[in-house]
Amino acid sequence: MMLARVADSLYWIGRYLERAEHFSRLADVMLNATLDRSDAAAQTAYIALSAVGDPDMARAARTYEAAKSLVLDRDDPNSVVISLSLARENARQVRDQITTETWERLNLLYLRITSDNAASAFESGSSAYIHDIIADLHQFKGAADATMSHGEGWRFLMLGAYLERAQLIARLLEVCFGDGRDGNVTDRIALMSLLRMGCALEPYLRRYTAEIEPRHILEFLVFDEEFPRSIRFATTRIEEHLVGVSRHVESGGLATPERLAGRLKARLQYADVDELESVGASALLATVIGECARIHDAIFDTFVAYSLEMKLPA
Amino acid sequence: MNREEAVQAEEETDPGVTATSLVNDDNPPGLPITQAAYIPGQAFDEMYEAAGEVRDHYSAVHTRLTTLSPEALADRQKTLERSFLLQGITFTVYGAETTTEQIIPTDLVPRIIPSTEWDHIEAGLIQRLRALNMFLDDIYGEQQILMDGIVPRELVLGAPSYRREMQHLYVPHKAYANVCGSDLIRGEDGAFAVLEDNLRVPSGVSYMLANRDAAKRTFPGTFRAANVRPVERYPDLLLKTLKSMAPDWRPDPQVVVLTPGVYNSAYYEHAYLARLMGAPLVEGRDLVVHENMVYMRTTTGLRRVDVIYRRVDDDFIDPLTFRRDSGLGVAGLFNAYRAGNVVMCNAPGTGVADDKAVYAYVPEIIKYYLGEDAILPNIETFLCREPAQLSHVLANLDKLVVKAVGASGGYGMLVGPHASRKERETFAEALKADPANYIAQPTIQLSTAPCLIDGRIEPRHVDLRPFILSGEKIVVTPGALTRVALRRGSLVVNSSQGGGSKDTWILADDGIEEPQP
């Protein structure tokens, strides 16, 4: 049992931090690509900006500015600084529910990225700066895992993180391999950048060796059972955590979010990359993004904004 | 190396300690504390006797201060401030471009009170709160004290903090003010007196706890040797007090902390107490009243609430009963309270007993209900509503402190000796226009205590806010918030007016028993 508002805040902390981590990585890969051939850099930047929802070729050409604004621009609702500020604001509202160890990690991160010298710190070493943000986010997750009770509150935190992750990875793959788009990515350096954006390069190499093929990337990032950033892995966790939190709800037999999550999980369990190749990846990726949005709404309706009439004592 | 040793080692290997600084009497350059810099002035000084001798109970801290270099002290101050910032013990400053977090200034030098002095304070506080609770029970009941003419009727019934709605309501144990924070000051003669009582929603207790936490890390060796009484039981004493307010037929009462929300300046404290008590921190929008029962919205449906430790002012708790424009409260909460289905702590309407004009009558109130003289005296107070006292106040504006009855936080007051002629004249006009709204008190030179100011130890004026809990029993936590006026010579300790705080050590007698709920 926990306050509905608290569950909502924990869920959003999970979402915002996952978003901050993902976009930090996109910015990092963009910056890194500028070191290589220029067309690969532009292509990488284009992939990243499209995944964020801002496919602007002119902007992609100015990779450094685009990366910097993705991290530090307070006017950009997707920027890392905004995600971290919102996560921290939510954490402050549920300060009594998260452990001090967890809170201090997040607060430190927030204080650093909102401090007056954040811009100059970024300029004097952008890659190191982003690297530190990601490392701090990992510390937050580690602290949460090691110090918070793995009960209801933690499950809401995880639900937010995995729903966000499934959507972000699906979106990234859609940009690269969705059909009907001009120039699906085939360039080797751009493909490596894509794997880096999913934090998947090293695990991929171990699994498929250095033969980097779109087909393998799709298989790995959509269907792999063990890689934590694959869509299948995320949807399995979403279903698991929803089963966990729904145990306590006497809902009117609907259990909507749980049912939706189970269906999505099954969908990914019983599809494979051959099917994806024959009909195109778009349909499945669009389903993932759409179903995650439905689960998101269902969670809100079931646990947070439920109608009082249903729950009042007779 | 075990922890004990680690602590010891930290003390001994401190870079500030050199053999010469321990034996040299000639104020070696660079030492932060020298008699020359530390000029106590006419106020009572907590550390030095008038003759310049260090008081016994301060000797260990004094020695420590004289052996630490300014750099070492500055380092510790920095560590302390950083830890407050990290913990989020901050308030937010909203600027045009950025928002920044600021900590409330915290001084690392502890303020020390010996046990005999504390015993006297404790007895005085218990006596005072017992009498004030009886007073509240009386004025919201038979009003005997008004009929006997001890306190003027119009003073009580006309006070803005008087709540007609509370008339004839049952309050368990007659404990109206479950949490009380009284402000004590020490005058030039060294005696403690009560400056004001805070019976509404007193804050600051989280600083008492956070400062203690910090002091233990700043001066571990000195702290251990000093035999300081613990304050760490406050949260569970508070929880027991709150639970004792629930009716017997609710065996495991659900206690919640009600906060106005994250933008309130005391939000950190609300979250801190909720976390340490293990009680949910709720906002008005989390609560629902249905058929005079209060529920909170949880993920698994509605759950009954029994006791609300509310940190929301009377005016805002229920838009149906009090201010209609309040979005912070819960519609119907007061009716649920009236029906006896939920307890609010503190009870609404307690503010009438800490009204600045009613304050003047507290010694008589104690005498009336308990037949005892007040253990802790009041400060002499002039009620401007009385014409004779008003003319005295107007004639002596340059010597008095004048306060608006309804205001708090150091606002709406005039410190006569520190004000310009023009300020005094403007204030005199306001006073004459609405005399009943003002009281005046002599300007007291609050006692001074050593503080770290720009790398030196200097005296600054302080007050003392202990916290008293009353439910089934009255319990005083052996500790307090010491508030500091950080500006040189300033007598205003409120944090809104450039005040800070520091840890307060209440020393133990051997064999003392810690309070049990």
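Structural remarks
- The set of residues in segment A:1-55 being more than 14 Å from every other protein chain (Cβ to nearest Cβ) and basic (Lys, Arg) consists of A:ARG15, A:ARG19, A:ARG25, A:ARG37.
- Candidates B:ARG285, B:ARG297, B:ARG303, filtered to the one that is surrounded by fewer than 20 Cβ atoms within 10 Å (Cβ to Cβ), of a type outside the set (Gly, Ala, Ser), closer than 19 Å to A:VAL6 by Cα and without any contact (Cβ under 8 Å) to a residue 12 or more places away in the chain: B:ARG285
- Any hit, segment A:86-103, residues being more than 13 Å from chain B (Cβ to nearest Cβ), out of contact with any Asp or Glu (no Cβ under 6 Å at 6 or more places or on another chain) and surrounded by 22 or more Cβ atoms within 10 Å (Cβ to Cβ): yes
- A:LEU49, sole failed condition from (1) touching a Pro at 6+ places or on another chain (Cβ under 7 Å); (2) not in a helix (DSSP H, G or I): (2)
- B:THR106 within 20 Å of the chain's Cα centre (by Cα), at pLDDT below 95 and more than 14 Å from chain A (Cβ to nearest Cβ): yes
- Segment B:241-264: number of residues that are over 18 Å from B:ALA175 (Cβ atoms) and either away from chain A (no Cβ under 13 Å) or charged (D, E, K, R) (or both): 3
- A count restricted to segment B:362-386 and to residues that are surrounded by fewer than 22 Cβ atoms within 10 Å (Cβ to Cβ) and in contact (Cβ under 8 Å) with a residue 24 or more places away in the chain stands at 15.
- If the condition is being crowded, with 20+ Cβ neighbours inside 10 Å and aliphatic (A, V, I, L, M), then segment B:306-323 contributes B:VAL307, B:ILE308, B:VAL312, B:ILE317.
- Residue that is surrounded by the fewest Cβ atoms within 10 Å (Cβ to Cβ), among those in segment A:48-64 that are at pLDDT 85 or above and within 25 Å of A:ALA87 (Cβ to Cβ): A:SER50
- Helices (runs of 4 or more DSSP H) fully within segment B:109-170 that include at least 3 residues being more than 18 Å from B:LEU199 (Cα to Cα): B:115-139, B:144-147.
- The C-beta contact set for segment A:1-15 (first residue closer than 14 Å to B:ARG285 by Cβ and in the same structural domain as A:ARG92 (by TED's automatic domain parsing), second residue surrounded by fewer than 24 Cβ atoms within 10 Å (Cβ to Cβ) and of a type in the set (Asp, Glu), distance under 6 angstrom, 6+ apart or interchain) comprises A:LEU3/B:ASP286; A:ARG5/B:ASP286.
- Some residue of segment B:402-418 being over 26 Å from B:PRO202 (Cβ atoms) and of a type in the set (A, V, I, L, M, F, W, C): no
- The residues listed here are B:VAL282, B:VAL294, B:VAL312, B:VAL257; of these, the one that is in contact with a Pro (Cβ under 8 Å, 6 or more places away or on another chain) and modelled with pLDDT of 95 or more is B:VAL257.
- The single condition among (1) more than 25 Å from A:ALA200 (Cα to Cα); (2) at pLDDT below 90 that A:SER9 does not satisfy is (2).
- Criterion violated by B:ASP25 - all others in (1) surrounded by fewer than 18 Cβ atoms within 10 Å (Cβ to Cβ); (2) under 28 Å from the mean Cα position of the chain (by Cα); (3) modelled with pLDDT under 90 satisfied: (2)
- Filter pass, B:GLY500 being surrounded by 18 or more Cβ atoms within 10 Å (Cβ to Cβ), under 30 Å from B:ALA246 (Cβ atoms) and out of contact with any Lys or Arg (no Cβ under 6 Å at 6 or more places or on another chain): no
- When residues of segment A:218-236 are limited to those that are outside any loop (DSSP other than H, G, I, E, B) and within 11 Å of the chain's Cα centre (by Cα), the one farthest from A:GLY160 (Cα to Cα): A:ILE231
The values are calculated or read from the model by the stated rules, or taken from the named source; none is laboratory data. Computed from a predicted model, the values in this text were never measured in an experiment. Cβ: placed from backbone, ideal geometry, glycine included. Neighbour counts: every protein chain shown.
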